[in-house]
Amino acid sequence: KNAGVAVVTITASYKGYEESINVEIEVKEAEQYDTITVKEAIDTPDNTEIIVKGIVAASTVNQDGFYLVDETGVISCLGPISEVALLSVGDEVIIKGTKIHRLSADYATSTVGHIVINDCTVLLNNYGNHEIPTDSFDTTKTFAEVAALSKMEDHTAQVFVIKGIIEVVKSNYFTSIKLTSADGATSMNIYCSGAGQYSDFEALFNKEVTLTVCICNWNSKKHQIAVISATDGETTIYNTLNF
């Protein structure tokens with residue numbers, strides 16, 4: 001609780017045997033950082049180093065990273081998996097990285113790519129089970145409208161709230177996940193390398209649910225859906241794969 005050094009003694013006894021160790025823990029005052037908001041990070045020119053404060057919202061699944069959210073917006077953050085794995089949904093963090101657009105040169109004329117804070121370092125983790133800010137989430141678009149968004153417009157730093165049915169697609173060699181509208185007219189791939197990466201969501205498969213999603217375009221070829229969370233009104237599940 002207070003700055004200084006604490007010595008914790010841990011003792012175990014079993015069938016007449018006893019072992020004891022002392023663990024020394026140093027508590028420091030949190031370092032202060034001059035941070036910007038997520039929206040300011042999104043608007044920052046590419047290849048600029050920035051320090052941003054926000055709440056960890058979800059894993060980026062196949063990418064070693066996470067989605068950072070505050071009241072102003074959402075942004076993808078990529079960093080070493082050793083740091084990403086230590087995070088939890090709801091952590092309040094301060095991160096440092098370089099704002100870029102991830103865009104393959106082969107597709108530079110057909111898409112604007114994906115907004116990213118790259119090579120992230122977690123400067124400070126205040127932990128805490130913070131609620132995910134939803135102030136910037138777009139509830140005005142239907143699933144069909146989200147699926148029709150142009151790749152020549154930047155939509156990868158926006159959360160949409162839509163309804164759909166999560167379905168597993170099986171083939172001889174692999175499985176994948178897609179989101180389909182209740183009427184079957186609209187469908188989009190959910191970003192993953194296999195259906196097993198969404199096993200935590202199994203209780204919500206094959207029924208209409210409400211999802212918070214981001215558009216992702218990691219390979220520049222096409223828009224896919226990145227799931228932040230899904231709920232059937234009773235159970236809410238967050239995407240925590242890399243954590």
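The values are calculated or read from the model by the stated rules, or taken from the named source; none is laboratory data. What you are looking at is a predicted structure, and each value in this text was computed from that prediction instead of being measured. Because the Cβ atoms are built from the backbone with ideal geometry, glycine has one as well, and the counts that use them run over all protein chains shown. The protein model used for the area step is the full one, side chains on, heavy atoms only, and it has no ligands, DNA or RNA in it. Shrake-Rupley method; radii C 1.70, N 1.55, O 1.52, S 1.80 Å.
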Open item on the list: Every residue in the range 144-164 that is more than 25 Å from Val116 (Cβ to Cβ) and out of contact with any helix residue (DSSP H, G or I) (no Cβ under 9 Å at 6 or more places or on another chain), please.
Closed with: Ala144
Task: Condition met for Phe201 (touching an Asp or Glu at 6+ places or on another chain (Cβ under 8 Å), open to solvent by less than 40 Å² (accessible area, probe 1.4 Å), within 25 Å of Asp91 (Cα to Cα) and of a type in the set (Phe, Trp, Tyr)) - done: no
- [ ] Output the number of the condition that Thr186 fails; it satisfies all remaining conditions of (1) at pLDDT 95 or above; (2) surrounded by fewer than 18 Cβ atoms within 10 Å (Cβ to Cβ).
- [x] (2)
- [ ] Looking only at the range 44-76, count how many residues are under 23 Å from Ile177 (Cβ atoms) and either outside any loop (DSSP other than H, G, I, E, B) or of a type in the set (S, T, N, Q) (or both).
- [x] 13
Open item on the list: Can you find, within the range 181-195, the residue that is nearest to Val69 (Cα to Cα) among those that are hydrophobic (A, V, I, L, M, F, W, C) and part of a strand (DSSP E or B)?
Closed with: Ile190
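Do the conditions hold for Thr98, that is, is it part of a strand (DSSP E or B) and either touching a Ser or Thr at 6+ places or on another chain (Cβ under 6 Å) or of a type in the set (S, T, N, Q) (or both)?
It is true that Thr98 is part of a strand (DSSP E or B) and either touching a Ser or Thr at 6+ places or on another chain (Cβ under 6 Å) or of a type in the set (S, T, N, Q) (or both).
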Open item on the list: Residue under question is Ile21, and the condition is that it be buried (at least 18 other Cβ atoms within 10 Å of the Cβ), farther than 13 Å from Asn242 by Cβ and in contact (Cβ under 8 Å) with a residue 12 or more places away in the chain; does it hold?
Closed with: no
Open item on the list: Regarding the range 5-14, can at least one residue be identified that is closer than 25 Å to Cys120 by Cα, at pLDDT 95 or above and among the small types (Gly, Ala, Ser)?
Closed with: no
Task: Top-ranked residue in the range 102-132 [being under 17 Å from the mean Cα position of the chain (by Cα) and closer than 21 Å to Asn219 by Cβ; ranked as most open to solvent (accessible area, probe 1.4 Å)] - done: Asp119
Open item on the list: I need the full set of residues from the range 212-243 which are farther than 23 Å from Ala144 by Cα, out of contact with any Ser or Thr (no Cβ under 8 Å at 6 or more places or on another chain) and of a type in the set (S, T, N, Q), in order please.
Closed with: Thr235
Open item on the list: Given (1) aliphatic (A, V, I, L, M); (2) open to solvent by 60 Å² or more (accessible area, probe 1.4 Å); (3) on the phi > 0 side of the Ramachandran plot, identify the lone condition not met by Val61.
Closed with: (2)
Open item on the list: Restricting to the range 204-213, and then to whatever is under 23 Å from Ala157 (Cβ atoms) and out of contact with any Leu (no Cβ under 9 Å at 6 or more places or on another chain), can you tell me which residue is most open to solvent (accessible area, probe 1.4 Å)?
Closed with: Thr210
Open item on the list: Can you find a residue that is in a loop (DSSP other than H, G, I, E, B) and open to solvent by 50 Å² or more (accessible area, probe 1.4 Å) anywhere in the range 3-10?
Closed with: yes
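Table: residues versus (1) out of contact with any Pro (no Cβ under 9 Å at 6 or more places or on another chain); (2) assigned to a strand (DSSP E or B); (3) surrounded by fewer than 18 Cβ atoms within 10 Å (Cβ to Cβ).
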| site | (1), (2), (3) |
| --- | --- |
| Asp154 | yes, no, no |
| Phe160 | yes, yes, no |
| Gly164 | yes, yes, no |
| Leu179 | yes, yes, no |
| Gln197 | yes, no, no |
| Ile215 | yes, yes, no |
| Lys221 | yes, no, yes |
| Ser229 | yes, yes, no |
| Glu234 | yes, no, yes |
Open item on the list: Tell me whether the range 115-124 contains one or more residues that are at pLDDT 95 or above and not in a strand (DSSP E or B).
Closed with: no
